[in-house]
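The values are calculated or read from the model by the stated rules, or taken from the named source; none is laboratory data. Note that this is a predicted model, so its numbers are computed, not measured. A quick note on method: Cβ atoms are made from the backbone with ideal geometry, for glycine too, and the neighbour counts reach across all protein chains shown.
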Amino acid sequence: MTVRKEEIIVAKKEVINLASNEGNPKSAKANKTQKTILIGLIVVVVLVVIAYAGMHYTSRPQFCTSCHEIAPQVASWERGPHKDVECLSCHAAPGNLGYIVRKLSSYKELYLHFTNQVPAKLEWTTHIDACLYCHSGKDNAYPNAKNITLAPGSAPNAPPISHQPMIEGKVSCIGCHKNIGHAPTAGS
């Protein structure tokens, strides 16, 4: 029974403390600060979600074809052996940092497009590390990709010949596999 009386006394003291702080300017200032921080955090989270969604949306081939100058490359990709591989899996360095760096560099491409300064021949960047990431069994998104780390003929996804020079960085994948990401086009 004494425990119950003590609980009642503690509860009464808490109510008295809350009531006495209602008019306290320090308490009001603390509440305003907390509210401002909460609103700021919500705004940051919303902006991050919008940025992520925008980056993902603008990484789709359908978005890329909205600019006339890239449409032929997308069409050749759709006919090529990597048509089920997302564009940035090859055209960006692997990982989140590579993705973000590539997306930021696309602002230059937007500038060139909207100022009508697109070069007659579009250049692309070879990301050999992206090739090796996918074709060494590290990328779980493509489990059936040829794994160049396997001995030739040792498994269904093993290459027919050794790719050790590529693994060691002595030879570029593009030396033998020039049109692997996109089907060959006239003049390529």
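Scanning the range 83-119 for residues that are farther than 15 Å from Cys67 by Cβ and of a type in the set (A, V, I, L, M) turns up Val85, Leu88, Ala92, Ala93, Leu97, Ile100, Val101, Leu104. Filter the range 79-104 down to the residues that are part of a helix (DSSP H, G or I) and in contact (Cβ under 8 Å) with a residue 60 or more places away in the chain and list them by number. Scanning the range 79-104 gives Arg79, Cys90. One residue is enough: does the range 40-56 have a residue meeting the conditions in contact (Cβ under 8 Å) with a residue 24 or more places away in the chain and either in contact with a Ser or Thr (Cβ under 6 Å, 6 or more places away or on another chain) or not polar (S, T, N, Q) (or both)? There is at least one residue in the range 40-56 that is in contact (Cβ under 8 Å) with a residue 24 or more places away in the chain and either in contact with a Ser or Thr (Cβ under 6 Å, 6 or more places away or on another chain) or not polar (S, T, N, Q) (or both). Restricting attention to the range 57-77, the residues that are in contact (Cβ under 8 Å) with a residue 24 or more places away in the chain and outside any loop (DSSP other than H, G, I, E, B) add up to 7. For the range 103-143, the candidate set comprises residues that are among the aliphatic types (A, V, I, L, M) and in contact with a helix residue (DSSP H, G or I) (Cβ under 6 Å, 6 or more places away or on another chain); within that set, the residue that is surrounded by the most Cβ atoms within 10 Å (Cβ to Cβ) is Ala130. Restricting attention to the range 77-117, the residues being aromatic (Phe, Trp, Tyr) and within 12 Å of the chain's Cα centre (by Cα) number 1. Taken together, the residues in the range 59-79 that are among the β-branched types (Val, Ile, Thr) and at pLDDT 85 or above amount to 1.
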